[in-house]
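This report concerns only the one structure given below.
The values are calculated or read from the model by the stated rules, or taken from the named source; none is laboratory data. Owing to the predicted nature of the structure, the values given are computational and were not obtained by experimental measurement. With ideal geometry, Cβ positions are generated from the backbone for all residues, glycine too; neighbour counts draw on all protein chains shown. These accessible areas exclude ligands, DNA and RNA; they are computed on the full protein's heavy atoms, side chains included. Shrake-Rupley method; radii C 1.70, N 1.55, O 1.52, S 1.80 Å.
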Amino acid sequence: MARVDDFQQARDLAALELANQKLAEIADRSGFETIGIDKLRIPFLDRVYTVSYPEFAFRDAYEASAEVPLQEQVLVLHYLLGCQPRLTGQWVAYREIPGAGFYYGPFVKRAIDPLKKVFGQNIAAFQKAAGKLGGTPIDAGPAAFQLDVLPYAPIQIFVWEGDDEFPAEANILFDASIGDYLSPEDAAWLGSLPIYRLMALGR
């Protein structure tokens, strides 16, 4: 697991690199709106952040004193650095992302296992939470939703309810382009951060 100072260093390095780019170009390729000449508006799950340019300081748009987690800042900044405005429409499991094998075990523990544990016997709570988070139902069973976590970085989340005969199952899929601009570790955060939001909303 990365330490707080590791996230801080990653955040600072990404911000420094982005500061050398034009804000309009960053906005165009990332799919985010600008606010005036020196800010980006960043919807992220159930929150909205404003990000200043060129400092890339994050603030909650509606609650100025609210903390913006470093993991989220790093993920957003890495997305801003590398994303391209394209989606393949092909969906892959985490282990199919190039280089993701090393992180697969931690990803399962961080995302898939909690998803099964919390919602595997309570599909209704999952449906309710996904709706609150802006999830769009997809035609893959009663408990399948797409979340547009970032404009060109959607995920699909599936839960299959357990019973006396079969245990609960869950999965998270990514657009196949994800490996082109996010590292396997960043992709793991992309898939796992929404799960904890869902768990909180499903209570």
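Percent of accessible area on segment 1-114 owned by carbon and sulfur, 1.4 Å probe?
Of the solvent-accessible surface of segment 1-114, carbon and sulfur hold 52 percent.
Against the longest principal axis of the chain, how steep is helix 123-132, in degrees 0 to 90 to the nearest 10, with axes from Cα atoms?
Between helix and principal axis, roughly 20 degrees.
Check each of the trypsin sites (Lys or Arg not before Pro) in segment 1-71 and keep only those in coil by DSSP with at most 13 other C-beta atoms within 10 angstrom; list them in order.
Arg3, Lys22
Provide the net charge surrounding Leu45, with neighbours chosen by a C-beta distance below 9 Å and charges set as Lys +1, Arg +1, Asp -1, Glu -1.
Once all neighbours under 9 Å are counted, the net charge is 0.
Could you work out how far helix 4-18 tilts from the main Cα principal axis of the chain, as a 0 to 90 degree angle to the nearest 10?
The angle comes out at about 50 degrees.
Between beta-carbons, use under 12 Å as the cut-off and find the net charge around Ile97, counting Lys and Arg +1, Asp and Glu -1.
Taking every Cβ under 12 Å from that of Ile97, the sum is -4.
Which lysines have a Cα lying under 16 Å from the Cα of Lys116, excluding residues fewer than 8 positions away in the same chain?
Lys128
Quick one: length gained pulling Gln84 to Ala61 fully straight, 0.36 nm per residue minus the C-alpha distance?
Full extension of this stretch gives 5.8 nm more.
In degrees between 0 and 90, to the nearest 10, how far off the longest principal axis of the chain does helix 184-201 point, with axes built from Cα atoms?
70 degrees
If each residue of separation counts as 0.36 nm, what is the full-extension length gain between Glu169 and Glu33 once their alpha-carbon separation is subtracted?
The Glu169-Glu33 span can extend by a further 45.2 nm.
Could you check how many percent of all C-alpha pairs in segment 1-71 are farther apart than 16 Å?
Summing the P(r) tail past 16 Å for segment 1-71 gives 51 percent.
Please report the equivalent ellipsoid semi-axes of segment 86-203, computed as sqrt(5 x eigenvalue) of the Cα gyration tensor, largest first, in whole Å.
Working from the Cα gyration tensor, I get semi-axes of 22, 16, 13 Å.
Rounded to the nearest 500, what is the 222 nm mean residue ellipticity of the chain from helices alone, with -39500 (n - 2.57) per DSSP H run of 4+ residues and division by all residues?
-11000 deg cm²/dmol
Working from the pairwise distances between different alpha carbons, so that the mean of 1/r is found and then inverted, what is segment 117-169's Kirkwood radius in Å?
Computed over Cα pairs of segment 117-169, the Kirkwood hydrodynamic radius comes out at 11.5 Å.
In 10 Å bins starting at 0, how do the alpha-carbon pair distances of segment 34-116 split up by percent?
So the P(r) values, bin by bin, are 14, 35, 31, 19, 1.
Note the per residue figure in Å³ for the convex hull of the C-alpha positions in segment 83-155.
Expressed per residue, the convex hull around the Cα atoms of segment 83-155 is 111 Å³.
Distances over 24 Å make up what percent of all Cα-Cα pairs in the chain?
41 percent
Residue separation times 0.36 nm, minus the C-alpha to C-alpha distance between Asp6 and Ala19: what's the value?
2.7 nm
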